[in-house]
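The next block holds one structure in the form of structure tokens; read it before the comments.
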Amino acid sequence: MVITIDGPSGVGKSRVSRALATALGVPYLDTGSYYRAATHVAIQNGADPSDQSAVLEALSDAKLAVVDGVLWLDERDIADSLRSPQVTAAVSTVAAHPLVRSRIVDMQRRWVADEGGSAVVEGRDIGTVVFPNAEVKVFLTADGATRAARRSRDAEVSGTSVEQIRTDMERRDAADSTRIISPLRPAEDAVTIDTSSLTVAQTVKQILDLVGKA
Ligand code: DC
């Protein structure tokens, strides 16, 4: 069974998806890390993130593998680089390239198939594009202040004010929601859960109830 967890940043997608995958005993895939890895290799190659061909070329030379739920590049854990301010600032530009997306979507589908076809998959277009036939689809939301406050607890934004975090987050959401290909939006058959006043455990419980009914 595939369970898709979509939504903007700061709604608790990663924590909820990881806890849900553990509860169900299935693997977890963070699809945003692929767009971040494409952005990282492009920057490393000196490519302009807005140049689709240059990003594709950088991506072709990269060896990506998921190790214990974490995306590795060329046999190295590059988690810190994937969360760097440079990558975060440019990733929406890279994620808007149609050919980059189709290559990355192929990798994600192949990964789930190789894992046996069951997984919790987190992202922006998972219920709409990557796994449109998934058995359970969830779209997480939360109010802007809650999302910014949650993001501010992440190590990579330490030293940045909550106001600045909120502004950056809203800019990225606007880019992700208005892009022509695979915009961030709930699938028609997704269940929306507002996590503003829910703990991770409460959110996971609601999703487990949906899984039980599927
Ligand atoms: O979830 P995240 O912050 O790591 O995502 C990084 C970027 O990648 C974000 O700007 C949205 C984009 N993304 C996407 O377009 N499609 C996905 N399935 C996952 C992430």
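The values are calculated or read from the model by the stated rules, or taken from the named source; none is laboratory data. Because the structure is predicted, anything quoted here is derived from the model rather than measured. No Cβ is skipped: glycine too gets one built from the backbone with ideal geometry, and neighbour counts run over all protein chains shown.
How many residues does the range 98-146 hold that are more than 14 Å from the ligand (Cβ to nearest atom), in a helix (DSSP H, G or I) and free of Cβ contacts under 8 Å to residues at least 12 places away in the same chain? Adding up the residues that qualify gives 3. Among the residues of the range 65-79, is there at least one that is touching a strand residue (DSSP E or B) at 6+ places or on another chain (Cβ under 7 Å), within 13 Å of the ligand (Cβ to nearest atom) and not β-branched (Val, Ile, Thr)? So far as the range 65-79 goes, yes, one or more of its residues are touching a strand residue (DSSP E or B) at 6+ places or on another chain (Cβ under 7 Å), within 13 Å of the ligand (Cβ to nearest atom) and not β-branched (Val, Ile, Thr). Taking the stated definitions as given, is THR192 part of a helix (DSSP H, G or I), of a type in the set (S, T, N, Q) and away from the ligand (no atom under 15 Å from the Cβ)? Here the answer is no, as THR192 does not meet what is asked.
Here is a check on your reading of the model: is ALA54 more than 25 Å from GLU188 (Cα to Cα), among the small types (Gly, Ala, Ser) and modelled with pLDDT of 95 or more?
Criteria met by ALA54.
The single condition among (1) modelled with pLDDT under 90; (2) over 22 Å from ILE3 (Cβ atoms); (3) away from the ligand (no atom under 12 Å from the Cβ); (4) not β-branched (Val, Ile, Thr) that ARG151 does not meet is (3). Here TYR28 fulfils each of the conditions (1) of a type in the set (Ser, Thr, Tyr); (2) closer than 19 Å to PRO85 by Cα; (3) surrounded by fewer than 24 Cβ atoms within 10 Å (Cβ to Cβ) apart from (2). Being modelled with pLDDT of 90 or more and surrounded by 14 or more Cβ atoms within 10 Å (Cβ to Cβ) is not true of VAL157.
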